[in-house]
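The values are calculated or read from the model by the stated rules, or taken from the named source; none is laboratory data. Note that the structure is a prediction, hence the values are computed from the model and not measured. A quick note on method: Cβ atoms are made from the backbone with ideal geometry, for glycine too, and the neighbour counts reach across all protein chains shown. Just so you know, the surface numbers come from the protein's heavy atoms only, side chains and all, with ligands and any DNA or RNA stripped out. Shrake-Rupley method; radii C 1.70, N 1.55, O 1.52, S 1.80 Å.
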Amino acid sequence: MARKLLLDKINIEHIRLYDVYRQRGGYTAVEKALKSMSPDQVTEEVKRSGLRGRGGAGFPTGMKWGFLAKPEGVPRYLVCNADESEPGTFKDRYLMEFIPHLLIEGLIVSSYAIGSNRTYIYIRGEFAWIIDILEQAIAEAKNNGWLGKNILGSGFDCEVYVHRGAGAYICGEETALIESLEGKRGYPRIKPPFPAVKGLWDCPTVVNNVETLAAIVPIINNGGEEYAKIGIGKSTGTKLVSACGNIKKPGVYEIEMNISVEEFIYNDEYCGGIANGRRLKACVPGGSSVPILPANLLLKTAKGETRMMTYESLSDGGFQTGSMMGSGGFIVLDEDQCVVRNTLTFARFYRHESCGQCSPCREGTGWMERILHNIEYGKGKMSDIDLLWDIQSKIEGNTICPLGDAAAWPVAAAIRHFRDEFEWHVTNPDDALRRNYGLGNYAEPLQVMHSA
Ligand SMILES: Cc1cc2nc3c(=O)[nH]c(=O)nc-3n(C[C@H](O)[C@H](O)[C@H](O)COP(=O)(O)O)c2cc1C
Ligand code: SF4
């Protein structure tokens, strides 16, 4: 059995409640940090652990904290990114719903390290029931002296507030999130300046993912070095992966970052294999934003090495033959799934979620959706495939925030690896419609045009 650092207590009855969490060793990381470590020592421990941000980009957490500007007399803020709207990703909600005190504990230790006396959890508005759970956990923590003034006599004050988003995916992007937290429309900011210098209310700010902050607890309890012993290379520790699609056992799994993709898919400890006796066709291994990989490149890299569940191995080969760990949303497609249809679904999502600030993203996402729609519904031309390729290539790298890239990459990878399937749709539209929608069941949905 794999070691668990985040979900080790998840099956304990009533672990959601403070008393149970505390009896089972909860809040010892706060005690250790506030009683025996300086804020810089906490940051050093996190650097030693090699922890990388679990929100998608994989940036080293300790280094990020180290970049924080510390001008005299200016408040600093820690913001927990609990927006989790990436299709295929549902790990943070699991942590918050079932073991909320782990997040609160991680938040307190991290706030201490950064010097944040007012810390925010920016949560996706649809998680209404989780907001109640978090509010209760915060109240319990406060009633028991873990939040408020002069925590454990350390002189450190900290309050945690939950702020509810209004359901926009773009508000997961850290600068859009900050704008939204300030009460404005969630438009990403042009960087630099980065939040570490000018973030919330123009003050130095760290934005970290829920899982990242939860991982601070075992790092402080056991030491950064122990944490770094798990995993391979620069992929240290454990990682939550939300697995879905055509697998036998969809769910949230905590993996040590030293297992192969094959083990993750086929082992009963994890996904348990492909459902209904079908064969593996492809996988989007890190949430809808990352490139899709066909089965052969998913299980082995282009060099013929075993593909591992690590940041480095999943991205080995770059975007030509690799993908990304991303946010850990592992979407599996079996042989009966249609890549064109899947790509259209993602494209529709990105068109809908584009904030509209930059033309390549605003116009390009809508254009890609319309072309994909035509190909999927039997009205595509062969030249559409090259046009699609051209459009995605002009979005990538030309926008204010990475949502543009996130919209372009899935389209590029689908054409790169499954061009024959696009061509088949164009040359055999009736067969493609029959395959995807069944004989006589086909009704083309109304296409929603881009309204920006
Ligand atoms: C469009 C978009 C949506 C994002 N959504 C999330 C999200 O829901 N949760 C998250 O933690 N990071 C999200 N990110 C990444 C954040 O901008 C940021 O990198 C992350 O919160 C940093 O935390 P980490 O260093 O702990 O990973 C998103 C990025 C983009 C471009
Ligand atoms: S890339 Fe898209 S989502 Fe990001 S700022 Fe530009 S228009 Fe908005």
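Just the projected area, averaged over all directions, of the convex hull on the alpha carbon atoms of the chain: how many nm²? Working shown, then result.
Details: hull surface 85.7 nm².
Approximately 21.4 nm², given one-decimal rounding.
Can you compute the equivalent ellipsoid semi-axes for the stretch 238-334, i.e. the square root of 5 times each eigenvalue of the Cα gyration tensor, sorted largest first and rounded to whole Å?
Working: eigenvalues 66, 42, 30 Å².
Semi-axes from the Cα gyration tensor: 18, 14, 12 Å.
Positive end of the charge dipole of the stretch 238-334 (Lys, Arg +1 and Asp, Glu -1 on Cβ, about the Cα centre): tell me which of ALA295, MET324, VAL252 has its Cα farthest that way.
ALA295
Report the convex hull volume per residue for the stretch 178-227, counting only C-alpha atoms, in Å³. Mind showing how you got there, number by number?
Values: hull volume 5.3 nm³, N = 50.
Each residue corresponds to 106 Å³ of Cα convex hull volume.
Over the Cα atoms of the stretch 18-229, what radius of gyration and what Dmax do you get, in Å?
15.8, 46
Towards the positive end of the charge dipole of the chain, with charges on Cβ (+1 Lys, Arg; -1 Asp, Glu), say which of CYS401, LEU95, TRP129 has the farthest Cα.
Going by the Cα projections, it comes out as CYS401.
Where the only charges are on Cβ atoms (+1 Lys, Arg; -1 Asp, Glu), what is the dipole of the chain about its Cα centre, to the nearest 20 debye? Working shown, then result.
Working: 50 positive and 55 negative charges, 81 e Å.
It works out to roughly 380 debye.
What's the carbon and sulfur percent of the stretch 172-261's accessible surface, probe 1.4 angstrom, rounded to a whole number?
Working: 1670 of 3120 Å².
C and S atoms contribute 54 percent here.
Which whole-number value in Å² is the accessible area per residue of the chain, probe 1.4 Å? It would help to have the intermediate numbers written out before the result.
Working: 18180 Å² over 452 residues.
With all protein chains present, the chain gives 40 Å² per residue.
Quick one: Debye curve from the alpha-carbon atoms of the stretch 1-127 only, equal weights, vacuum; give me log10 I(q)/I(0) at q = 0.09, 0.12, 0.21 Å⁻¹ to two decimals.
Log10 I(q)/I(0), no solvent term: -0.28, -0.52, -1.50.
Taking every DSSP beta bridge that has both residues in the stretch 235-381, what percent is antiparallel when rounded to the nearest 5?
Within the stretch 235-381, antiparallel bridges account for around 75 percent of the total.
Report Rg (one decimal) and Dmax (nearest whole number) for the stretch 172-319, counting Cα atoms only, units Å.
Rg then Dmax for the stretch 172-319, in Å: 18.5, 55.
Could you tell me the relative contact order of the stretch 238-334? Use alpha-carbon pairs under 8 Å, at least six residues apart, and round to a whole percent. Working shown, then result.
Working: 214 pairs, mean separation 32.6, N = 97.
Here the relative contact order equals 34 percent.
Taking the Cα centre of the stretch 238-334 as origin, work out the dipole magnitude from +1 charges on Lys and Arg Cβ and -1 charges on Asp and Glu Cβ, in debye rounded to 20. Could the numbers behind the result be given before it?
On the way: 9 positive and 10 negative charges, 78 e Å.
Dipole of the stretch 238-334, to the nearest 20 debye: 380 debye.
From zero outward in steps of 5 Å, how is the percent of C-alpha pairs of the stretch 126-176 spread across the bins?
Here the calculated profile for the stretch 126-176 is 4, 18, 20, 16, 15, 13, 11, 3, 0.
Using alpha carbon centroids, what distance separates the stretch 161-208 and the stretch 66-145, in Å?
What the calculation gives is 14 Å, centre to centre.
Order these peptides, 288-294, 246-252, 104-110, by their mean beta-carbon neighbour count within 10 angstrom, highest first.
Working: 288-294: 24.7, 246-252: 18.1, 104-110: 28.1.
Highest mean packing first, the order is 104-110, 288-294, 246-252.
With the alpha-carbon atoms as the only input, what is the per residue convex hull volume for the stretch 339-437 in Å³? All intermediate terms of the calculation are to be shown ahead of the outcome.
On the way: hull volume 7.4 nm³, N = 99.
Dividing the Cα hull volume of the stretch 339-437 by its residues yields 75 Å³.
For the stretch 253-267 and the stretch 281-328, what is the separation of their C-alpha centers, rounded to whole Å?
A separation of 13 Å, based on Cα centres.
For the stretch 108-233, what is the convex hull volume of the alpha-carbon atoms per residue, in Å³? Please list the in-between numbers first.
Details: hull volume 18.3 nm³, N = 126.
Value for the stretch 108-233: 145 Å³ per residue.
For the stretch 183-188, take each phi angle, set θ = phi - 60°, evaluate the Karplus expression 6.51 cos²θ - 1.76 cosθ + 1.60, and give the result in whole Hz per residue in order, putting x for glycine and proline.
Whole-Hz 3J(HN,Hα) from phi for the stretch 183-188: x, 9, 5, x, 9, x.
Does the stretch 1-49 classify as rounded, prolate or oblate by the C-alpha gyration tensor (a ≥ b ≥ c root eigenvalues; a/c under 1.5 gives rounded; else a/b over b/c gives prolate, otherwise oblate)?
On the way: a/c = 3.95, a/b = 1.57, b/c = 2.52.
Verdict is oblate for the stretch 1-49.
Which is farthest toward the positive dipole end of the chain among GLY153, THR43, VAL109, measuring Cα position about the Cα centre, with Cβ charges +1 (Lys, Arg) and -1 (Asp, Glu)?
GLY153
Highest mean first, what order results for 88-95, 44-51, 428-435 on Cβ atoms within 10 Å? Working shown, then result.
On the way: 88-95: 23.9, 44-51: 22.2, 428-435: 15.1.
Ranked from most to least packed, the peptides come out as 88-95, 44-51, 428-435.
Given a cut-off of 20 Å, what percent of all Cα-Cα pairs of the stretch 57-161 lie beyond it? Spell out each step's value before the answer.
Working: 2348 of 5460 pairs.
In whole percent, the share of Cα-Cα pairs in the stretch 57-161 beyond 20 Å is 43.
Starting from the Cα of LYS379, draw a straight line to each of the lysines and keep only those under 20 Å, dropping any in the same chain fewer than 8 residues away.
none
Checking the table LYS191/LYS394; LYS47/LYS229; LYS35/LYS198 against a 22 Å threshold on Cα-Cα, which pairs fail? Provide the component values of the computation, followed by the final result.
On the way: LYS191/LYS394 20 Å; LYS47/LYS229 13 Å; LYS35/LYS198 30 Å.
Pairs exceeding the cut-off: LYS35/LYS198.
With the radius of gyration and the Kirkwood radius both derived from the Cα set of the stretch 262-308, what is their ratio Rg to Rh? All intermediate terms of the calculation are to be shown ahead of the outcome.
On the way: Rg = 11.1 Å, Rh = 11.5 Å.
Rounded to two decimals, Rg/Rh equals 0.97.
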